[in-house]
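Q: Can you keep this structure in mind? I'll have questions shortly.
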Amino acid sequence: MEHVDVVVIGGGQSGLAAAHALREQGLAPVILEVSEQPAGSWPRYYDSLTLFSPAARSSLPGLPFGGDPDRYPHRDEVVAYLLRYAERLDADVRTGTRVQEVSMSDGAFSLTLETGDRMTARGVVAASGTFGRPHRPALPGLDDFTGTVLHTAEYRRPEPLAGQRVVVVGAGNSATQIAAELAAHARVTLAARHPVRFARQRPLGRDLHWWLQRTGLDTLPVGRFLRTPPTQLVIDDGRYRAAVAAGAPDLRPVFSAIDGTKATWTDGATEEIDTIVLATGYRPDLGYLRPLGALDADGHPRHREGLSTTHPGLAYVGLEWQRSLSSNTLRGVGRDAARVVRRLIAHLGAR
């Protein structure tokens, strides 16, 4: 059985940032990433995905994003950046490795892999982040819908849905971006459970993230006070608000019922729907921690600003609102990782 000091579960921005912080503290972490490359879930996002933060504010510690600092990088640029980061990171990165469960044995963490192999560690950083488990909410009649249901995790490009009647459910950035690009190929409704709120991408000539950092709102440690994360703002350069105003897509409340492929809207109108796209977010992929009792009844980690409140040697990186607005973003995850790792090292050193 292999024994290591600290295992980082998950790659992508969260796992790589955690490993960098551990290397800065003189440890040699092992990263266990379920996908076949250390970029995590980024290669699986839809083709047109573009960051809402500029390159200058989308870097992990130790490696600038590069290129025009004011541009908004697309998905493939982010993947390439994360692969470069992993190559330069002096850490043992093991891809195609799924952790089945984590338990305690003789005072150490015991990890069972999907292959049946086992390893032990003094510390564990759960960095499978916010984007590992697509969330399918309980919507009226959704289980009875006989058309096609896609989550954004399965959506890639608009052409396969050309000519269809499509409903995109959601009120955030991904929902609006996907609905707007689909509207050029299909008849699309953006069905929102909450009001869609737009934020200007460049207020007063400066990128919104410049203002968030300059005012301190980006790093304000309010995460532990939020029982329910606030509704996400749609960051807009003007295109999306204009598209909604033009009815492409049109904006409505979520349907009140579904029978087969027929949706009933809240005003009583009914129509046939071909495809429903759920842009309803993700939940942390942390089921491997259930044997520890580290999760609550809803599968959420019991933690305080990234440190487990049930197991002192367990930490988290990349959770939504883990500590602040930017905790699960490229621009903020490195800051959280460094803070969590310093406190984790203090615990391990005291043992």
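Each reported figure results from applying straightforward, stated rules to the coordinates on display, with no laboratory input. Source: prediction; values computed, not measured. Positions of Cβ are generated from backbone atoms using ideal geometry, with glycine treated the same way; all protein chains shown enter the neighbour counts.
Q: Within a 10 angstrom radius of the beta carbon, how do 339, 98 rank from fewest other beta carbons to most?
A: Starting with the residue having the fewest Cβ neighbours, the order is 98, 339.
Q: Over all pairs of distinct alpha carbons, what does the Kirkwood formula give as the hydrodynamic radius of segment 200-343, in Å?
A: With all distinct Cα pairs of segment 200-343 included, I get 18.7 Å.
Q: Please arrange 198, 225 by how many other C-beta atoms lie within 10 Å of their C-beta, fewest to most.
A: Fewest-to-most ranking of 198, 225: 225, 198.
Q: Considering all projection directions equally, how large on average is the shadow of the alpha-carbon convex hull of segment 135-271, in square nanometres?
A: For segment 135-271, averaging the hull's shadow over all directions gives 10.0 nm².
Q: Right, another one. Under 10 Å, Cα contacts only: if you run a Gaussian network model on the chain, which one of 163, 116, 223 comes out with the highest mean-square fluctuation?
A: So, out of 163, 116, 223, the one fluctuating most is 116.
Q: Where does helix 173-182 land angle-wise versus the long Cα axis of the chain, in degrees 0 to 90, nearest 10?
A: Between the helix axis and the principal axis of the chain, the angle is about 40 degrees.
Q: Rounded, prolate or oblate: which fits segment 1-141 when a ≥ b ≥ c are the square roots of the eigenvalues of the alpha-carbon gyration tensor, with rounded for a/c under 1.5 and prolate only if a/b beats b/c?
A: It comes out oblate by the Cα gyration axes.
Q: If you take the alpha carbon radius of gyration of segment 1-61 and divide it by 2.2 N^0.38 Å, what ratio comes out, to two decimals?
A: Dividing the Cα Rg of segment 1-61 by 2.2 N^0.38 Å gives 1.33.
Q: Evaluate segment 189-262: find the radius of gyration of its Cα atoms, find its Kirkwood radius, and give the ratio Rg to Rh.
A: 1.10
Q: Output the Cα-based Rg and Dmax of segment 256-341 in Å, rounding Rg to one decimal and Dmax to a whole number.
A: That works out to 19.4, 55 Å for Rg and Dmax.
Q: Next question. Using DSSP, restrict attention to beta bridges with both residues in the chain and report what percent are antiparallel, rounded to the nearest 5.
A: Just about 40 percent of them are antiparallel.
Q: Give the value in nm², to one decimal: projected area of the alpha carbon convex hull of segment 102-190, averaged over all directions.
A: 9.1
Q: A follow-up question, please. Kindly provide the trypsin sites (Lys or Arg not before Pro) of segment 259-333 that DSSP labels as loop, not H, G, I, E or B, and whose Cβ sees at most 16 other Cβ atoms within 10 Å.
A: 302
Q: What is the sum of charges, Lys and Arg at +1 and Asp and Glu at -1, for the other residues whose Cβ falls under 15 Å from the Cβ of residue 175?
A: Result for the local shell: +2.
Q: I would also like to ask the following. Nearest 10 degrees, 0 to 90: what angle lies between the long axis of helix 333-350 and the longest principal axis of the chain (Cα atoms)?
A: Helix 333-350 sits at roughly 30 degrees to that axis.
Q: Separation of segment 119-194 and segment 200-239 by C-alpha centroid, Å?
A: When both Cα centres are located, 22 Å separates them.
Q: Follow-up question, since we're still on this one. Give me the angle, in degrees from 0 to 90, between the Cα long axis of helix 75-88 and the longest principal axis of the Cα atoms of the chain, rounded to the nearest 10.
A: On a 0 to 90 degree scale, this one is about 10.
Q: Also, I was wondering about something else. Using the 10 angstrom Cβ neighbour count as an exposure proxy, how do 335, 94 rank, fewest first?
A: 94, 335
Q: Evaluate the charge dipole of the chain about its Cα centre and quote only its size in Debye, nearest 20, assuming +1 on the Cβ of each Lys and Arg and -1 on the Cβ of each Asp and Glu.
A: Dipole size: approximately 1180 debye.
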